[in-house]
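Reading through the structure tokens given below for one structure.
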Amino acid sequence: MKHVKIFLFVIFALSISAKSYGADIESRLKALEETIKQQAKTIEEQQRVIDELKKELNNLGQKEMVKADEKPVEIPKTQKISGLFGSSALTNPNISLVLNTFAYSSNLNQSELEIRNIPGYIKEGIEFRKGFNLESAELYLFAPVDPYFNLYATIPVSEEGAEIEEAYFVTTSLPAGFQIKGGKFKSGFGRINAQHPHYWDFVDIPLPYKAFLGSEGISEKGMQLTYLPKFPFYTLLGAEILQGENEILFGPDAKAGPHAYTVFAKASFDLTENSTILLGPSLMKGKTKTDSITEGYEFKGSSTLYGFEFTSKWKPSKKQSFTLQSEYLYRRQEGELEGVNKELPDPILKTLRRAQDGLYFQGIYQLGRWRIGARYEVLDLFKKDYVLDGEHISFGTKPWRASGIMDFKPSEFSQIRLQYNHDKSARNGKTNHELFLQLVFGIGAHSAHPF
Amino acid sequence: MKRIIILLIISLLVPSLAYAGLKVVATLPWIGSLAKEIAKDRIEITTLIKPNQDPHYAEPKPSMILAARKADIIMFNGLDLEIGYLPRIIESSNNPKIQPGQKGYFDCSKFITPIEKPITLDRSMGDVHPLGNPHYHFSPENVFKVAEGMASLLSDIDPDNATFYQKNLQVFKERLEEKKRQWSSLALKGKRYISYHKLFEYMAEEFGFQIIAYIEPKPGIPPSAGHIDKLVDIIKDKKPDAILITAVAGKKEADSIRQRTGVRVIVLPHDVGVEKGIEDWFSMIDEALTRLHKGNN
């Protein structure tokens, strides 16, 4: 009986505990269910985040696949520039540096090159050294001054030091199509003169320019006025008043004060969508006092230089183009030639009249990053008067030169060029076979290309 | 007799005095086309770059300088796309109305948000545009902002026609909304392409496809044989949907890659007027998206 009691008690106790246990299980299950639901939600949430991240990663991956080094990250619009001079970094002028360097080779020796002049034209010889030459590292600065002026400076630095090749302002707000340029600048005379040497299609300047204006052309202190009327076709009219110090045409101290004048006109037509011509006459006039004509003599008088330019460009696409370019120059000079040898008791004085001309003609074909070109230059073309005291002097055969180039531009900012010159400019003198390997590099601000 | 002469002189002078509408010079065809949508016949538009030219490599022809001389407004893409010729055209134009800082100097990129603006940069990376990817004309969002900018500039310079310009902008907006609905039905999401130049990034961003590699190793630098070999490997591995080129760049390279891998090549219009039937900006986007869509079927 006692056993039965205990048994019943146990059963009772068990049943109670089971009841409470059952309730416990139920609530636990519910809790569990809740937890699972919550977890499912969390997982769903996480999956969504993962998906989003994946998408972002994909995008990033795609952007980084090709250019791991050029991460396109947005600069916050509100990024602040701090520092002692604050925003002045943003108002710095644009700066670029062009390195123009070449290796030179010739069949003549260095002393023959130094005295290799153009008889009847200039006494200056060839400046290039056999071997490596540093033409210049040209520093180029430009920026607007204010709403009324832009400012440009070209400072070629060579081993001899720095010079100011150009430093000028240009007006931007004159009405009626006028513009004034002032300071020191390359004259608008002709075509090649105003171009920077690293834009030339050949390493050296054409013979007529070398004979009449020197191997760097004419860059002078003065003022220029141009007028661009609203004609149906492009017509630019220009006039300059210059100090007149070009060593070949005028001489550094021909006259105190500005005495040289230039006028020029350029017209251009688009013949078709892909071909354009540009042509026009130029004239330059001034007083002259120079010792560049012949050794031991100084010339005093006046000079007039006439020019005519013609360019025709065909460019159907960026892949190919063909350019023909030619300029004719004619110079008249009248005055006196005086011996500078002071030991003579009475320096010889003779009258000199020169009327000489020259022409260059060149063609350049561009295919992709490659270009090939040829140039022919000649002096004494139609006129070869060198009249000393009324007597015509002959210096021998016509000076001429023929050149060929091939160049490659790895990018817009670099260029490798090979040039050969067959140079007969010393008339009856030896032929000069010249070879140039030129390298041009530009860094810094992107300057605009000329036409 | 005297009267006749005076009348003759007056009749000669009058046409030049008469108001002939604003003269607008646009550098690129799509800019000219967009301006035309807003101003219709109230402006006379001259476009400098022809559709078959690459806008990166144009030269400042004297005729462009003359057009700028006669212009009341010059509208350009900006983000340095025209840096090689536009500064010279503007300065040589001797025209004070279109100089920087004046109303007539209209930089379309002023209204958009550029992408891919590099933080560090040098030219060993190729001709990278420091201000960001300049080819935003493939982005409907950005182009609409430019259209808004044009309408407010034109209204400002020519207030007599302000309501006309605003009305046209509204028409443009409605058409764009409708087009956007059509465009969004084209399934381009998740598609992967190889492109010749970094030209379609804005479009990729807005329409959800990806450009996974470029034929140009660096912007503006043509590919070497080695780079093409690498691309062929990428194509075999990643199996992109197609190579995207334009009529002016990439055909030769894309064809040789197609021969080696069998990958599809899709020629996309890069500007208004490159092909017959692409007369305005809408048809350019229409055509580009349709070709991408068809190329996938």
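Please treat every number below as a calculation from the coordinates, not as lab data. Values in this document were obtained by computation on a predicted structure and should not be read as measured data. All Cβ positions, even for glycine, are placed from backbone atoms using ideal geometry, and neighbour counts span all protein chains on display.
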field: As computed over segment A:99-444, the Cα convex hull volume per residue (Å³)
entry: 153 Å³
- line: Extension length gain for A:Ser275 and A:Ala176 (0.36 nm per residue less Cα distance), in nm, is 32.8 nm
message: If amide hydrogens are placed 1.01 Å from N in the peptide plane, which non-local residues have theirs closer than 5 Å to the one on A:Val157?
response: A:Ala137, A:Glu138, A:Leu139
field: Formal net charge of residues neighbouring B:Pro159 (Cβ-Cβ distance under 15 Å; K, R +1; D, E -1)
entry: -1
message: Within 10 Å of each Cβ in A:170-182, how many Cβ atoms from other chains are there, averaged over the peptide?
response: 4
- request: Work out the mean other chain Cβ neighbour count within 10 Å for the residues of A:225-236 and drop it here as an integer.
  value: 4
- prompt: In nm, to one decimal, how far is the A:Ile115 label point from the A:Met223 one, both placed 7 Å along Cα→Cβ?
  reply: 4.8 nm
- line: Quick note on A:Met406, B:Met203, ordering by fewest other C-beta atoms within 10 Å, gives A:Met406, B:Met203
query: If packing is taken as the mean number of other Cβ atoms within 10 Å per residue, what is the order of B:254-263, A:157-166, highest first?
result: B:254-263, A:157-166
field: In nm, spacing of pseudo-spin labels at B:Asp156 and B:Asp122 (7 Å Cα→C-beta vector)
entry: 4.0 nm
task: Determine, for each peptide in B:286-295, A:320-329, the mean count of other beta carbons within 10 angstrom over its residues, then list the peptides with the highest first.
output: A:320-329, B:286-295
statement: Too long for a 24 Å Cα-Cα cut-off, among B:Lys40/B:Lys294; A:Lys318/B:Lys97; B:Lys179/B:Lys276; A:Lys230/B:Lys276; B:Lys36/B:Lys110, are B:Lys40/B:Lys294; A:Lys318/B:Lys97; A:Lys230/B:Lys276
- line: Sequence order, segment A:254-260: Karplus ³J(HN,Hα) from phi using 6.51 cos²θ - 1.76 cosθ + 1.60, θ = phi - 60°, Hz rounded, Gly and Pro as x, gives 5, 6, 6, x, x, 9, 10
field: Karplus 3J(HN,Hα) series, Hz, for segment B:230-236 with 6.51 cos²θ - 1.76 cosθ + 1.60 (x for Gly, Pro)
entry: 4, 4, 4, 5, 4, 5, 5
query: Roughly what angle does helix B:162-184 make with the longest principal axis of chain B, taking Cα atoms, 0 to 90 degrees, to the nearest 10?
result: 10 degrees
- request: Among the listed pairs A:Lys300/A:Lys383; A:Lys266/A:Lys315; A:Lys319/B:Lys251; B:Lys23/B:Lys103; B:Lys189/B:Lys230; A:Lys289/A:Lys384, give every one whose C-alpha distance is greater than 24 Å.
  value: B:Lys189/B:Lys230
Residue among B:Asn133, A:Phe322, A:Gln438 farthest towards the positive dipole end of the protein assembly as shown, charges placed on Cβ: B:Asn133
statement: If the chain between A:Val340 and A:Leu97 were fully extended at 0.36 nm per residue, the gain over the current Cα-Cα distance would be 83.3 nm
message: Can you tell me, using C-alpha contacts under 8 Å and at least 6 residues apart, the relative contact order of chain B as a whole percent?
response: 15 percent
- prompt: What is the distance, in nm, between label points placed 7 Å from the Cα along the Cα-to-Cβ direction at A:Phe149 and at B:Lys239?
  reply: 6.8 nm
- prompt: So if we plug the beta-carbon distance of B:Ser185 and A:Gln46 into 1/(1 + (r/R0)^6) with R0 = 41 Å, what FRET efficiency do we get, rounded to 0.05?
  reply: 0.80
- line: Computed over chain B: longest principal axis from alpha-carbon atoms vs helix B:29-39 long axis, angle to nearest 10 degrees, is 50 degrees
field: Mean Cβ neighbour count within 10 Å, used as a protection proxy, ranking B:61-73, B:165-177 highest first
entry: B:61-73, B:165-177
- request: Give me a single rounded figure for B:64-70: the average over its residues of other chain Cβ atoms within 10 Å of their Cβ.
  value: 5
- request: Please give the net charge around B:Gly101, taking every other residue with its beta carbon less than 14 angstrom from that of B:Gly101, where Lys and Arg add +1 and Asp and Glu add -1.
  value: 0
